[in-house]
Amino acid sequence: MKSIQSKIKKAKKFLDKKQCIAVPTETVYGLAGNAYSDLATRKIFSLKKRPLNNPLIVHYFNLNRLKKDCHINDNFLKLYNKFCPGPLTFILKLKDESKISKFVTNRQKNLAVRFPKHNLLRKLLKEIAYPLAAPSANISTRLSSVKASDVAEEFGTKVKYILDGGKCKIGLESTIIGLISKPIIYRHGGLDISRIEKILKRKISININTKKKIAPGQFPLHYSPGIPLRTNALKPKKEEAYLLIKKRKNTFKNYYYLSKKNNLNQAAKNLYSLLRKIKNKGYKKIAVERIPNTGIGKTLNDRLYRASKY
Ligand code: TXA
Ligand code: MG
């Protein structure tokens, strides 16, 4: 096995040349490029077939480096100190002197930033002289990648290097919070909103309204396995694969377990890979058992709801 140092060196070499590579995070794999480079960030959009008006998240090593690009505030500091590095993305105000490429934000003055918690990626971020723009490593609207092999399945040889960091620990994308004025949640994710509310000592409004299109990731059709999916299913219909959260007495070959013990964290970690597996087995439809709507169950239900809009 290659040493960690040689993997990081190789990753850095591609990035320094304004190429895109795939990187592991604790949530999902990212398709990363130098966030200060027009060339690198444009490549991300074209590889993902992503509309240019859907802005990217920028990944930083630490607060010091972020300060070059964004204005920060008290709410940000409280959450940063408690949860970072971790599965939380902040929308902050971009500084005029920031070098972030205009393609990252689609020329807006707001920037989405996060501090990912994965050893390999943190080592890489520490060694490079720029932050990394990195949307999830999948073709636009499709399932996010949680393993190196998923990235290869999405992009084939078009992505020249995958920094393989094993399977993502959380398996669903980060929670997004806007902090430019009143705190506001734009996406359910890996960090439970109740934990954020505890730190900020206030109830936070949630705007995952798909009509206003504040974050294009809020578009209904998203996170799709590419075949019809129905939620809250008591039992599967003919030819459906059935996704379950707890063990059934009788299990059939079309039954796939997100968890056998009603464990929501485990279910989150397994969701995208099981959906991918079911699709690859040739099933034409998926039914999913009801998932409890608590903790990360809210994020699971959000992703399933969007996937059901296929
Ligand atoms: O866990 C994650 O957040 C992963 C890993 C790779 O870090 N990244 C990820 O990126 O999920 P992406 O691009 O697939 O989703 C980012 C979402 C998009 O829905 C985008 O519209 C929204 O963040 N977004 C980005 N910049 C924004 C901004 N300035 N204001 C509002 N929403 C923004
Ligand atoms: Mg995505």
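The values are calculated or read from the model by the stated rules, or taken from the named source; none is laboratory data. This is a predicted model, so every value here is computed, not measured. With ideal geometry, Cβ positions are generated from the backbone for all residues, glycine too; neighbour counts draw on all protein chains shown.
Would you pick out the residues in the stretch 3-51 that are under 20 Å from LYS126 (Cα atoms) and free of Cβ contacts under 8 Å to residues at least 60 places away in the same chain? Hits for the stretch 3-51 are SER3, GLN5, SER6, LYS9, LYS13, LYS17, LYS18. When restricted to residues that are assigned to a loop (DSSP other than H, G, I, E, B), touching a helix residue (DSSP H, G or I) at 6+ places or on another chain (Cβ under 7 Å) and touching a residue at least 12 places away in the same chain (Cβ under 8 Å), the stretch 293-310 contains 2.
Within the stretch 166-200, the residues that satisfy the criterion of being outside any helix (DSSP H, G or I) and away from ligand 1 (no atom under 12 Å from the Cβ) are GLY166, LYS167, SER181, LYS182, PRO183, ASP192. Counting the residues of the stretch 52-84 that are without any contact (Cβ under 8 Å) to a residue 40 or more places away in the chain and part of a loop (DSSP other than H, G, I, E, B) gives 4.
Mind telling me which of the residues LYS298, LYS284, LYS238, LYS279 ends up being more than 22 Å from the chain's Cα centre (by Cα) and within 23 Å of THR141 (Cα to Cα)?
LYS284
Which of the residues belonging to the stretch 132-162 are within 12 Å of ligand 1 (Cβ to nearest atom), assigned to a loop (DSSP other than H, G, I, E, B) and more than 17 Å from ARG276 (Cβ to Cβ)? ALA134, PRO135, listed by residue number. Take GLU154 and tell me if it is without any contact (Cβ under 8 Å) to a residue 24 or more places away in the chain, under 30 Å from LYS18 (Cα atoms) and surrounded by 21 or more Cβ atoms within 10 Å (Cβ to Cβ). For GLU154, the condition - without any contact (Cβ under 8 Å) to a residue 24 or more places away in the chain, under 30 Å from LYS18 (Cα atoms) and surrounded by 21 or more Cβ atoms within 10 Å (Cβ to Cβ) - is met.
Residues that are at pLDDT 95 or above and either more than 30 Å from PRO24 (Cβ to Cβ) or assigned to a loop (DSSP other than H, G, I, E, B) (or both) within the stretch 251-279 comprise PHE252, LYS253, ASN254, LEU258, SER259, LYS260, ASN262, ASN263, listed in sequence order.
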